[in-house]
Amino acid sequence: MSGEAAMRRSLKRSTRVWLAVASVLAAGGAYPSLAQRAASKRLAVRLDKLEASADRLANARIAPESTVSLRVEHLGPLLASWETVGGCGAGGTGGGGVGVKWIGHNTTGGLFNAQVMSNYVTTQDGYNLITFAQISRDLDQAQKWNVGVIVPYLYKYYRNYLQFVTADQKSVDISNGGLGDINLLLTRRLGPINATSVTAGLGLPTGIHNATFKNDYLSQDKQLGLGNFTGFAMVDHTLDQTWGLIVLGGVAAYRGGRNDLGSYRSPSGSLYAYTGYFLGPFVPAIGASFTGFLSKDQDRTLDQDVPLSVVSGSASLEWSNEDIAILAGVNLPFSFGDFVLQPWMVALGVCVSPF
C-alpha cells in the first residue's frame, strides 16, 4: 500500500513539473503577442497626443513626418528620444575618455530630462565614487537646440596614504569628497531626423583643487577639481538600424592646462563607436574607444605615471519604459602599446523626464 502511495506522490510531482514546464513555454510563446498588444496600445496613446497637438506641429519649421517617420518605422512603439542620451550622457562628457555611454531608449515627455550616473572607479590603492547629475531641456519643438548642466559629486578614498603610520604603527587611510567641477552644455542637432549632434561644454572650477593632508597638498588626482576653466566639444552621429543603433563620435577636451599649484592636465582627444541591440525594453550594448593625450599630466610640475594613449571596451545593459530608464555597465581601459589594465569602472545610471 505504501508503495502505491509513493508511486502516486511521484506521479503527482512529475505532473506538477510538466505543468510548470508547459506554463513557462506557454508564457514564452504568449509574450510576443502580449508585448505587441501592449506596445500597440502605447502607440495609440501617443498618436492621440500627436493629433491633439497637430496645430503646434504644423507650425514647426520642419515637417513632423520627415523627423519621426524613419525612426517610427524602425523602432515602432518603443521609440524614445535617444539623441538626448546618446548626445550628451552624463557618463560620456568631459575629461580624457568616454566610459559607459547611454545609447538606447530614453524616457519621453516632461519639461526636462534628468539623468543620474554613478561611476565606481578602482585605483591601485583605493577607489573613487563619482556621481553626475545632469539636467537638460530642449529649447524648440523640433528638438534642434538643447541646454543642460552637469553637477558632479566625488568621493575619493585611499588606503595607507603615502605609507603614513601613526605612533602605534597603524596605517592611515584618507578620503576627499564634495562638489566637483560643474559643466554647462549646449547641443545642436543636425539632419532631418536629428541623427547628428554637436555638443559644447564649459567646465567651471567649482571643485576644490588645493585640499591638504598634514599641511601638504594632496596630489592632483586626489583633488575634487582641476583649478581652471575647462572645455570640450563632442560630435555624435547615430545610425538607425532595424535591429538597434550604432553611435559614432569623438571628443576633443581642454582639461584646464596648468593651475596655480603647478599641476598640469594635458588636452586630449577621443574617438568611439558604440552599438546597441533592441530586445523589447532592453538594450544590451558594447562599445570601444581610443583616447590620446598631447603630453604627460603633471602633479606640481612632476610627471605622473599615466599612459599617453588608452584603448577601452565597455559593455552595458539598459532597460526603459516611458517613465524611467536604467543603465548598468562596465568599462575596461588598457594602456595602448603594452596593454596594461588601467583603473576600471562600473557604472549605474537612471534617467527620468518629470512633469
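Modelled label-to-label distance, VAL116 and LEU279, 7 Å Cα→beta-carbon offset: nm?
Distance between the two pseudo-spin positions: 2.7 nm.
How do ASP260, ASP138, ASP173 stack up against each other in accessible area, from largest to smallest, with a 1.4 angstrom probe? Walk me through the intermediate numbers first.
On the way: ASP260 120, ASP138 40, ASP173 70 Å².
The ordering from most to least exposed comes out as ASP260, ASP173, ASP138.
Amide H to amide H, which residues 5 or more places from GLY180 or on other chains are under 5 Å from it, using H placed in the peptide plane?
TYR153, LEU154
Students sometimes get this wrong: rank HIS237, HIS209 by accessible area, probe 1.4 Å, all chains present, largest first. Let's see the in-between values first.
Working: HIS237 70, HIS209 30 Å².
Heavy-atom accessible area, descending, gives HIS237, HIS209.
Once you sort the root eigenvalues of the Cα gyration tensor of region 115-163 as a ≥ b ≥ c, which label holds: rounded (a/c under 1.5), prolate (a/b larger than b/c) or oblate (the other case)? List each step's numbers first, then the result.
Details: a/c = 5.49, a/b = 4.64, b/c = 1.19.
Prolate, since a/c reaches 1.5 and a/b exceeds b/c.
Quick one: net charge around PHE112, please, counting Lys, Arg +1 and Asp, Glu -1 for every other residue with C-beta under 10 Å from its C-beta.
Values: positive: ARG137; negative: ASP138.
That sum, taken over residues with Cβ under 10 Å, equals 0.
Keeping all protein chains in the complex and leaving out DNA, RNA and ligands, what accessible area do you get for SER171 with a 1.4 Å probe, in Å² to the nearest 10?
Around 70 Å² of this residue is reachable by solvent.
Taking the Cα centre of region 160-305 as the origin, how large is its charge dipole in debye, to the nearest 20, when only Lys and Arg (+1) and Asp and Glu (-1) carry charge on their Cβ atoms?
Numbers: 10 positive and 12 negative charges, 57 e Å.
For this selection, approximately 280 debye.
On the full set of protein chains, 1.4 Å probe, figure out the accessible area of ARG300 and give it in Å² to the nearest 10.
Here the accessible area works out near 80 Å².
How do the peptides 156-162, 211-217 rank, highest first, by the average count of neighbouring beta carbon atoms within 10 Å per residue? Before the final figure, lay out the partial values.
Values: 156-162: 16.7, 211-217: 11.3.
Descending mean neighbour count gives 156-162, 211-217.
Taking R0 as 22 Å, what's the FRET efficiency between TRP243 and ALA288 from their Cβ-Cβ distance, rounded to 0.05? Before the final figure, lay out each step's value.
Working: r = 19 Å, r/R0 = 0.86.
After rounding, the FRET efficiency stands at 0.70.
Under the rule of at least 5 residues apart or a separate chain, name every residue whose amide H is placed under 5 Å from the amide H of ASP299.
Amide H to amide H, under 5 Å and 5 or more residues apart or across chains, ASP299 pairs with TYR264, GLN304.
Suppose each label sits 7 Å from its Cα in the direction of the beta carbon; what would the ALA200-ASP303 distance come out to in nanometres?
Spacing of the two 7 Å Cα→Cβ label points: 3.5 nm.
Want the number for LEU162 to ARG188: 0.36 nm per residue separation, take away the alpha-carbon distance, what's left?
Values: separation 26, 0.36 × 26 = 9.36 nm, distance 4.62 nm.
Contour length minus the Cα-Cα distance gives 4.7 nm.
The values are calculated or read from the model by the stated rules, or taken from the named source; none is laboratory data. In this text the structure is predicted, and so the values were computed from the model without any measurement. All Cβ positions, glycine included, derive from the backbone under ideal geometry; neighbour counts span all protein chains shown. Only protein heavy atoms, including side chains, enter the accessible area calculation; ligands, DNA and RNA are left aside. Shrake-Rupley method; radii C 1.70, N 1.55, O 1.52, S 1.80 Å.
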